[in-house]
Amino acid sequence: MAVQTIDAALFCRMFLTGAHYLDAKKDWINELNVFPVPDGDTGTNMTLTIMSAVREVQNLDEISMKTLSKAISSGSLRGARGNSGVILSQLFRGFTKVIKGEDEITIPMIADACEKACETAYKAVIKPKEGTILTVAKGMAEIARSLVDGQMELEDYVKNIIDYGNQVLAKTPDMLPVLKEAGVVDSGGQGLMTVLEGAYDALMGKEVDLSFDSEGKKEAAEKKEEEELKFAYYMAYDVELQKSLSQAKVDEFRAFLMNAGGSVSLMTENTRMSVKMLASEPGIILTKAQTYGELYNVDVANIKIEHKEKLMKKAVEEAKKQDQQIAKAAEPSKPPKKAGFVAVAAGEGFAEIFKGLGADYVISGGQTMNPSTEDVINAIDQVNAENVFLYPNNKNIIMAANQARALVQEKNIIVIPTKTVPQGITAMLTYDPSQEIAENQDAMNEAVAGVRTAEITYAIRDTTIDDFEIHQGDIMAVGDSGMLTVGKDVDTVAVDAVEKMMDDDAELISIYFGKDYSEENANRLAQQIQEKYSGCDVEVNNGGQPVYYCVISVE
């Protein structure tokens, strides 16, 4: 009999199945990214976002539409990473706003929820762009509304929405020239459709293993700990066999060991046998082993004592932590300062630069790993200031920063929309403590607008973008608005990129070398650039960033 409504238990299964499908296909979705840079992006960010919500759902004591809606919304909002992850979290937020007070989801309710999801996501984006995940969501919201009165069964209704979403997704290359040039559909839209296809399969009753990798590892660790508590000894020994054993004899001895202990590892090679296992009575096992030959390399350890010591050590550490918290609470609280600073940067060198400029907290992250909204909120919590300037330093982190600002109530958060680390450095250098917060904000935004940046890295696949034919292994310079140049070696590409960023007002060229590009190489590059642009100051700094050989700014 066809499903007429969706109750909380079914909705939970649909959400978890959608998350499972996304997790399984994240690498494929990453491959759809337009820029062929060596980092995890859309698929990874959307998966980390939805997995944050999955953890909230799995921790629920009671499954109801209200508890599910709260877990999915709050979990995804706080775990959102990257623009695609933030938009996905806003879609969940809007959808769950409509259903949270209901016992069951009906067809009219799905139409309302899809419209609310679309409206919420569009509001979160300052400049919505068509041909993206937003367009796909909007198309599904429109078809959901138009089919409400079509006298359809629920399963057919949902299938029609998803089919139309896939049709809109297929048209995204016609809406965004950069997608057409690269020959791909929008990766965020594909991620959304992957989630919904999983949800639809669950609606249709398809059985899916919903154990996630992280949970599997947790269960394995718990099982291992249980075995360690069950058996008193860990033992390892070798046997010099009197003669080679038949497979039947080996299987017979393995069965004996498994009955006598746990976590058995038995290997035989010619006239040698090696055993590692847990046991309660090692003497009996060693006596049995001696019937096959001579024992050597015998090691028996009392793991219950080790486990007890581990627990004691953990208890001491917890006590120390509590003492520190009590001592900290007893300290007279310092009055908050006027302004604090939080920056996002990947690389020890960049972190040191920001700290040297007065940053209170540097979040480790960037293009290779976008921090979540919760990471940003936690960083803000560490800053004792009435006003906190926040520098995302990556265009794919700005939305998460804005989302964190919306969730923090007790402090005034000022997001300076820096798209690169050099822009963040310039913004911090612009701060004037004698000026008001709003005046500093205006000055920083103005200064950031004058910074042009090139990030030099290598291509991980063949593609065509911005009229450049790119091959795997090519060196690329990615600029503020797209590809600047492509070549075969770092120095040539870097010099060409600087030439494309130069103008008559340029005064300073900064080179930040990464962990895969030596200071010697950076100094050689600086000399080439200095000879070509003698009227500019050229400076070299250690960024220590991964992925990018060097980051170069012109201002």
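Annotations
- Residues residue 408 and residue 496, FRET efficiency given R0 of 41 Å [Cβ-Cβ distance, rounded to 0.05]: 0.45
- By average C-beta atoms within 10 angstrom, highest first, the peptides 287-298, 63-74: 63-74, 287-298
- Nonlocal amide H pairs with residue 538, under 5 Å, H built at 1.01 Å: 509
- q = 0.20, 0.21 Å⁻¹: log10 I(q)/I(0) that the Debye formula gives for region 337-449, counting C-alpha atoms only: -1.01, -1.13
- Spherically averaged projected area of the chain from its Cα convex hull (nm²): 35.0 nm²
- With contacts taken as Cα pairs under 8 Å and at least 6 residues apart, region 454-554 reaches a relative contact order of 29 percent.
- Shape category assigned to region 347-404 from the gyration tensor of Cα positions, a/c cut at 1.5: oblate
- Charge context of residue 271, other residues only, Cβ under 15 angstrom, K/R +1, D/E -1: -1
- A cut-off under 15 angstrom between Cβ atoms defines the neighbours of residue 28, and their net charge, with Lys, Arg +1 and Asp, Glu -1, is -3.
- Extending 7 Å from the Cα toward the beta-carbon at both residue 381 and residue 175 defines two label points whose distance is 3.7 nm.
- J(HN,Hα) series, region 271-276, from Karplus relation 6.51 cos²θ - 1.76 cosθ + 1.60, nearest Hz, glycine and proline x: 9, 10, 10, 10, 10, 9
- Point-charge dipole on Cβ atoms (K/R +1, D/E -1) for region 337-449, about Cα centre, debye to 20: 200 debye
- Listed peptides 416-424, 451-459 by packing density, highest first (mean Cβ within 10 Å): 416-424, 451-459
- Each Cα pair under 8 Å and six or more residues apart adds its sequence gap; the mean of these over the residue count of the chain is a relative contact order of 12 percent.
- For region 81-138, the extents of the C-alpha atoms along the principal axes are 35, 20, 13 Å, listed from largest to smallest.
- Label-point gap, in nm, between residue 259 and residue 445 - each point 7 angstrom along Cα→Cβ: 7.9 nm
- Region 101-118 residues near the modelled residue 66 label - backbone nitrogen below 17 Å, point 7 Å along Cα→Cβ: 101-105
- Built amide H within the under 5 Å cut-off of residue 474, gap 5+: 459
- Take each peptide in 511-520, 14-23, count the other Cβ atoms within 10 Å of every residue, and average; sorted highest first, the result is 14-23, 511-520.
- Across region 474-481, computed HN-Hα scalar couplings (Karplus, 6.51 cos²θ - 1.76 cosθ + 1.60, θ = phi - 60°) run 5, 8, 10, 10, 9, x, 5, 10 Hz from first to last residue, x flagging Gly and Pro.
- Distance between the 7 Å Cα→Cβ label points at residue 355 and residue 126: 3.0 nm.
- Translational diffusion of region 454-554, estimated by Stokes-Einstein from the Kirkwood radius over alpha carbon pairs at 20 °C in a medium of 1.002 mPa s, is 158 µm² per second.
No lab work stands behind these numbers, since they all come straight from the coordinates. The model shown is predicted, which means the values in this text are computed figures rather than measured ones. We place every Cβ from the backbone using ideal geometry, glycine too, and count neighbours over all the protein chains shown.
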